[in-house]
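Just below is one structure, and these are the notes that go with it.
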Amino acid sequence: MLVVRQLMNSFSLHQPTRLFFGDDQDEAFATASASLGKTALLLLGGGSMIRLGYADRLTKAFTAKGVKVTRFQGIEPNPQAVTINKAAAQAKADGVDFIIALGGGSVMDAAKGIAILLHEKADDIWPYCLGESKGGQYSGAAPVVCIPTTAATASEITMFAVISHAADKGKSVLAADCIKPHVSWLNPAFTTTVNATTTADGGADILSHVLEDYLTGGNASPLADMHSEAVMRTVIETLPKALADLTNVDHRAQLLWASNLALNGYHLAGRTGGAFPMHAMEHALSGWMPDLAHGRGLASIFPAYFRWLHQEGRSHERLARLGRILFGVMESDDSIAALRFIERFSGWLRDNGLLQSLASLGFNTADYPAIAAYSARVYGENGAISAAGPLNAAGIVAIYEATAHNA
Ligand code: NZQ
Ligand code: ZN
């Protein structure tokens, strides 16, 4: 099929985060961060960073630069606003100037939430999230520096923080330039201790970040397409190797760098995008069920969402192209090639332990309308999220239901 290419779109790109990559960057990272203040909060998750000795390693590097390091441990996966509020209260009492986030996306996102509370002199982060009473009404944030310990979210470079609120089963976002980290240290060695399940979840998250705009963002930017395809190819090829050899630092390095490239803004430059329908559907799910890992929720949505796009006659050319590029699909007809891609990709998910139905993850089908309504309200406009055209709550329910085919 002949595709008429649109002209590349105008864009603005501001990427202020200084990055360090590699196992020997302790001193360089601490030196680049030390100018941010005299007292720092080292923010930690459930304890693995202490157990593995990474927390002490960071403390030593910063102490050597004259920075006083205090600690807060206890940020949970899918970080809860109440925990972020508690950590922020401690940070205020300790006179913290900046935050060092050592952990996965949950810890990094919590650090961004704390940073806003410090700047705003406020005590509850939830009202500042999208769709809530003071959504987006903040004017700055204390500085944050990050050490990602999963290859997944790219929070170490993004303008986003994803915050959960168990009291109303909500999961929403902070999105602002002021929460982009000042400095980040990507050390693949730190990620060699991530277990197989969380490694696979992270792989699904990386894929989703480039898939979102690749599928629905038009064809105005061939470079953005190739950037996205390179990230996808890296994950498709490397994740199985990493799962077979969890401590292999080279595989971990490929995944960690891919995770950063997947959401650093360059993947989007020149095309339309930013709608993120799979994220809108998934955040509502893991908000409803905080034990659900973000990447796992995304993985169960992938095939159902792709089939929905196909049925609606949307993105055939894009799905077909992925089949040809990633899986060597030969069919020349885009509609058929698109279906072959969905089959082959589902097989890849199954091989990597990522293909499951929402029911098998513990969801009750009777709850789908309420979860879909949340997704459409918080992440949509006029009752629908955007997916190369509107996707309303009924459509979201249909996609949740169609995950039953994964079982
Ligand atoms: O809590 P600890 O003890 O640190 O253990 C964690 C946690 O149990 C463990 N872990 C992390 N690094 C480890 C490790 N265990 C051993 N060795 C290591 N090196 O892994 C578990 C999961 O951690 P978590 O931070 O929850 O995972 P992930 O990095 O996938 O982050 C998920 C969160 O990020 C949000 C998600 O919605 C979710 O809340 N996202 C953030 C984005 C952003 N800020 O731009 C974008 C993403 O699309 C995503 O929505
Ligand atoms: Zn994601």
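Listed values, structure above:
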read-out: Hits in the range 158-188 (condition: open to solvent by 10 Å² or more (accessible area, probe 1.4 Å), out of contact with any Lys or Arg (no Cβ under 7 Å at 6 or more places or on another chain) and of a type in the set (A, V, I, L, M, F, W, C)); value: Phe160, Ala166, Ala167, Val173, Ala175, Ala176, Cys178
read-out: Leading residue by the ranking (farthest from Ser357 (Cα to Cα)) among those in the range 275-293 that are within 13 Å of ligand 2 (Cβ to nearest atom) and open to solvent by 30 Å² or more (accessible area, probe 1.4 Å); value: Phe276
read-out: Cβ-Cβ under 6 Å pairs, at least 6 apart or on other chains, the range 208-232 side over 19 Å from Thr153 (Cβ atoms), far side of a type in the set (A, V, I, L, M, F, W, C) and open to solvent by less than 20 Å² (accessible area, probe 1.4 Å); value: Thr216/Ala387; Ala224/Ala269
read-out: Filter result for Gly265 (in the same structural domain as Ser228 (by TED's automatic domain parsing), more than 10 Å from ligand 1 (Cβ to nearest atom), assigned to a loop (DSSP other than H, G, I, E, B) and in contact with a Phe, Trp or Tyr (Cβ under 7 Å, 6 or more places away or on another chain)); value: no
read-out: The listed residue being touching a Phe, Trp or Tyr at 6+ places or on another chain (Cβ under 6 Å) and either loosely packed, with under 15 Cβ neighbours inside 10 Å or over 13 Å from Arg307 (Cα atoms) (or both), out of Gly353, Gly323; value: Gly323
read-out: Leu42 being open to solvent by less than 40 Å² (accessible area, probe 1.4 Å) and either modelled with pLDDT of 95 or more or assigned by TED's automatic domain parsing to the domain that holds Leu263 (or both); value: yes
read-out: Selection from the range 295-315 of residues that are open to solvent by 30 Å² or more (accessible area, probe 1.4 Å), part of a helix (DSSP H, G or I) and touching a residue at least 40 places away in the same chain (Cβ under 8 Å); value: Arg296, Arg307
read-out: Residue among His251, His267, His283, His294 that alone is closer than 21 Å to Leu186 by Cβ and in contact with a Lys or Arg (Cβ under 8 Å, 6 or more places away or on another chain); value: His251
read-out: Residue within the range 322-344 that is closer than 27 Å to Thr150 by Cβ, modelled with pLDDT of 95 or more and within 16 Å of ligand 1 (Cβ to nearest atom) present; value: no
read-out: Filtered residues of the range 8-52 (kept if under 30 Å from Asp225 (Cβ atoms) and either of a type in the set (Gly, Ala, Ser) or not in a loop (DSSP other than H, G, I, E, B) (or both)); value: Ser10, Ser12, Arg18, Leu19, Phe20, Phe21, Gly22
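The values are calculated or read from the model by the stated rules, or taken from the named source; none is laboratory data. From a predicted model like this one, the values you see are computed outputs, not experimental measurements. Using ideal geometry, Cβ is built from the backbone for each residue, glycine included, and neighbour counts are taken over all protein chains shown. SASA here: full protein model, heavy atoms, side chains in, ligands and nucleic acids out. Shrake-Rupley method; radii C 1.70, N 1.55, O 1.52, S 1.80 Å.
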